[in-house]
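As structure tokens, the structure follows; a few thoughts come after it.
The values are calculated or read from the model by the stated rules, or taken from the named source; none is laboratory data. Just so we're clear, the structure is a prediction, and the values are computed from it rather than from any experiment. Cβ placement follows ideal geometry from the backbone for every residue including glycine, while neighbour counts extend to all protein chains displayed.
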Amino acid sequence: MSASAALPNDPQTTIRAIAEAIAPHLIEIRRDIHAHPELAFQEVRTSGVVARELAALGIAHRTGVGRTGVVGLIEGGRPGPVLAIRADMDALPIHEQTGLPFASETAGLMHACGHDVHTSTLLGVAAVLQKLAPQLAGTVKLVFQPAEETLGGAAAMIADGVMEGPHVDLALGFHNHPEMPVGRFGFVRGACLAASDRFDIVVRGKSGHAAHPNGAVDPIVAAAALVSQLQTVVSREVNPMHPVVVTVGAIHGGTVHNIIPDEVLLRGTVRTLDKPAQAIAEAAIRRLCEGVESGMRVRCEIAYEHGVPALVNEAGVLERSVASVRAQLGDVVSEGVPSLGGEDFALFAERVPAFQLRIGSAQPGRADKLHNSAYQPDEACIGLGVQALARAAYDLLG
Ligand code: NI
């Protein structure tokens with residue numbers, strides 16, 4: 001076809017032309033997925049849409065990877081590395097309040113994190129790179145992942161072999177970012193999202209009459225002391241230059257006014273950007289539990305679970321990708337600050353050099369937030385995201 005004849009000399013014009021031509025179709029796909037949100041590992045309809053679109057593009061693909069994931073493969077014209085580009089597909093248990101004509105048709109479920117935008121963006125990247133395939137030195141692996149919100153999808157796809165056959169050498173991820181206006185892009189050097197650990201602590205005492213506390217061991221007073229002491233992990237134990245969050249998000253114990261209960265349950269999360277801080281926080285929490293045990297006669301049973309690791313951008317892939325976005329779209333990229341949210345693209349980034357691009361998605365005049373029932377990303381971020389990611393892939397496999 002005539003457009004690809006001009007490719008090697010001017011990727012910018014070619015990528016822009018293809019992306020602009022398919023943008024209306026990508027918006028249709030996004031609205032269709034938006035109207036039909038599906039929770040983690042239930043993305044059956046969504047992965048069907050993905051498979052249908054990949055088939056229409058003539059891209060070989062495999063469904064059912066990590067349960068509801070889809071993997072497409074674009075072979076370049078020359079040998080080279082294998083680049084995985086990952087989008088997540090799942091929605092959230094939120095009741096949509098946008099009033100949009102294509103709002104969720106399923107009560108209580110909504111694409112409030114923009115994974116509908118991600119899915120359609122990666123389909124656009126697929127369309128562009130399929131056309132550019134003869135010019136690529138290497139292979140593009142399109143990874144449509146389930147269950148990001150529950151942080152189980154990446155692990156499921158990796159267990160199902162997504163990093164092999166062919167072996168992945170580097171990876172790109174992306175997320176829409178309503179803190180930035182549409183048209184802008186962002187990056188963070190090093191760790192950009194946090195390791196997310198969690199704990200359940202059962203504080204066991206001895207029940208008794210509220211009027212005779214000396215005959216009981218009060219787990220409520222001990223749990224209250226522990227909640228306060230846990231605040232010292234951040235304020236007194238870890239280096240203040242290393243961001244850490246310790247949050248107790250649930251506390252359950254007791255039933256009525258006049259009974260001291262047997263036990264209190266605390267549940268919390270620990271967010272860290274580096275492994276030393278992660279280890280210090282866990283050790284401190286265990287030590288504070290021991291202190292409350294000996295000081296207040298309770299027993300503390302701790303279930304401490306390590307979740308996804310911190311998402312660390314690799315400098316080489318980051319610098320090359322940012323340069324590509326600038327070459328494609330101009331001076332639209334700025335450095336941002338890390339967030340203590342978690343994201344399971346971290347599991348890909350733990351295995352191969354990787355970079356996650358932030359794609360500005362704020363509509364002019366709106367101040368949207370992710371995971372909000374009124375979230376309305378600017379759909380222009382889809383076509384622009386396609387240009388940015390396709391150009392980064394084109395250059396990484398140049
Ligand atoms: Ni998300």
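Things worth noting here:
- Criterion: at pLDDT 95 or above, closer than 16 Å to residue 82 by Cβ and away from the ligand (no atom under 16 Å from the Cβ) - qualifying residue of 100, 123, 136: 136
- Set 84, 112, 19: member being buried (at least 17 other Cβ atoms within 10 Å of the Cβ), assigned to a strand (DSSP E or B) and modelled with pLDDT of 95 or more: 84
- Unmet criterion (only one of (1) on the phi > 0 side of the Ramachandran plot; (2) under 21 Å from the mean Cα position of the chain (by Cα)) for residue 297: (2)
- Qualifying residue in segment 41-55 (condition: in contact with a strand residue (DSSP E or B) (Cβ under 9 Å, 6 or more places away or on another chain), outside any helix (DSSP H, G or I) and aliphatic (A, V, I, L, M)): no
- Sole exception among (1) surrounded by 17 or more Cβ atoms within 10 Å (Cβ to Cβ); (2) within 16 Å of the ligand (Cβ to nearest atom); (3) of a type in the set (Gly, Ala, Ser) for residue 341, by number: (1)
- When residues in segment 139-151 are screened for being out of contact with any Asp or Glu (no Cβ under 7 Å at 6 or more places or on another chain) and modelled with pLDDT of 95 or more, 5 of them pass.
- Enumerated helices (runs of 4 or more DSSP H) restricted to segment 297-398, each holding at least 1 residues that are touching a Leu at 6+ places or on another chain (Cβ under 6 Å) and within 19 Å of residue 119 (Cα to Cα): 346-349, 380-396
- Put simply, of 105, 75 the only residue that is within 10 Å of residue 34 (Cα to Cα), assigned by TED's automatic domain parsing to the domain that holds residue 389 and either hydroxyl-bearing (Ser, Thr, Tyr) or away from the ligand (no atom under 12 Å from the Cβ) (or both) is 105.
- Candidates 245, 292 - the one that is touching a residue at least 60 places away in the same chain (Cβ under 8 Å) and part of a strand (DSSP E or B): 245
- The condition of being surrounded by fewer than 22 Cβ atoms within 10 Å (Cβ to Cβ) and closer than 30 Å to residue 13 by Cα holds for only one of 299, 366, 326, 351, that being 326.
- The residue list 312, 298, 322 contains one member that is in contact (Cβ under 8 Å) with a residue 24 or more places away in the chain, touching a Cys at 6+ places or on another chain (Cβ under 8 Å) and of a type in the set (A, V, I, L, M), which is 312.
- Considering each residue of segment 110-119 in turn, none proves to be more than 16 Å from the ligand (Cβ to nearest atom) and either within 20 Å of residue 383 (Cα to Cα) or in contact with a strand residue (DSSP E or B) (Cβ under 9 Å, 6 or more places away or on another chain) (or both).
- Qualifying residue in segment 204-222 (condition: touching a residue at least 12 places away in the same chain (Cβ under 8 Å), of a type in the set (A, V, I, L, M, F, W, C) and touching a Leu at 6+ places or on another chain (Cβ under 8 Å)): no
- Criterion (crowded, with 22+ Cβ neighbours inside 10 Å and either over 30 Å from residue 364 (Cα atoms) or within 16 Å of the ligand (Cβ to nearest atom) (or both)) met by exactly one of 215, 205, 165, 152: 205
- Criterion: closer than 18 Å to residue 370 by Cβ and in contact (Cβ under 8 Å) with a residue 60 or more places away in the chain - qualifying residue of 130, 97: 97
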